[in-house]
Amino acid sequence: MRSFRHLAMFAFAAPLLFASLGVSAHAILLDSTPKVNGSQPAGPAAITLKFNSKIDQERSRLVLIAADHSETLLHIIIDSHKRNELESETELKPGTYVIRWQALALDGHITRGELPFTVTASAP
């Protein structure tokens with residue numbers, strides 16, 4: 001009788017547990033421009049990070065870190081048609097950089113990461 005009661009409780013609780021796991025997923029970075037460890041020419045640069053879920057663009061952050069460790073907060077372009085992306089634009093000089101990102105998913109979970117890349121001298 002006790003084992004039947006335990007089995008019944010598990011049968012009731014298991015679907016709730018698995019359903020809650022799907023709801024609380026973190027935003028995962030799927031693609032980016034520039035690419036991780038990639039390179040791009042110096043000059044005006046469009047920065048795009050694409051995630052697997054909708055992002056609160058107003059409360060997320062993008063910080064550009066230069067080789068000298070100076071940090072520049074990048075303005076995120078708010079676009080209601082691209083809710084799973086963080087986009088920005090900046091001028092880049094040759095050197096190594098890291099984009100430190102913080103994405104707030106609409107379910108309230110914050111995901112953080114870093115995206116290193118290199119900027120090469122633009123062609124003459």
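Read-outs throughout are calculated quantities, based only on the coordinates presented, and are distinct from any laboratory measurement. Keep in mind that this is a model prediction, so the values were computed, not measured. Cβ: placed from backbone, ideal geometry, glycine included. Neighbour counts: every protein chain shown.
Taking R0 as 30 Å, what FRET efficiency do you get between Ala67 and Asp31 from their Cβ-Cβ distance, rounded to the nearest 0.05? Please list the in-between numbers first.
Working: r = 25 Å, r/R0 = 0.82.
The pair Ala67/Asp31 has a calculated efficiency of 0.75.
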Could you give each residue of segment 27-42 its phi-based ³J(HN,Hα) in whole Hz, using Karplus coefficients 6.51, -1.76, 1.60 with θ = phi - 60°, and x for Gly or Pro? 5, 10, 5, 9, 7, 7, 10, x, 6, 4, 6, x, 9, 8, x, 5
Once the Cα gyration tensor of segment 26-120 is diagonalised, what are the square roots of 5 times its eigenvalues, in whole Å and ordered largest first, as equivalent ellipsoid semi-axes? 23, 12, 12
Sorting Leu73, Ala105, Gln40 by the position of each Cα along the dipole of segment 26-120 (Lys, Arg +1; Asp, Glu -1; all at Cβ), the one nearest the positive end of that ordering is Ala105
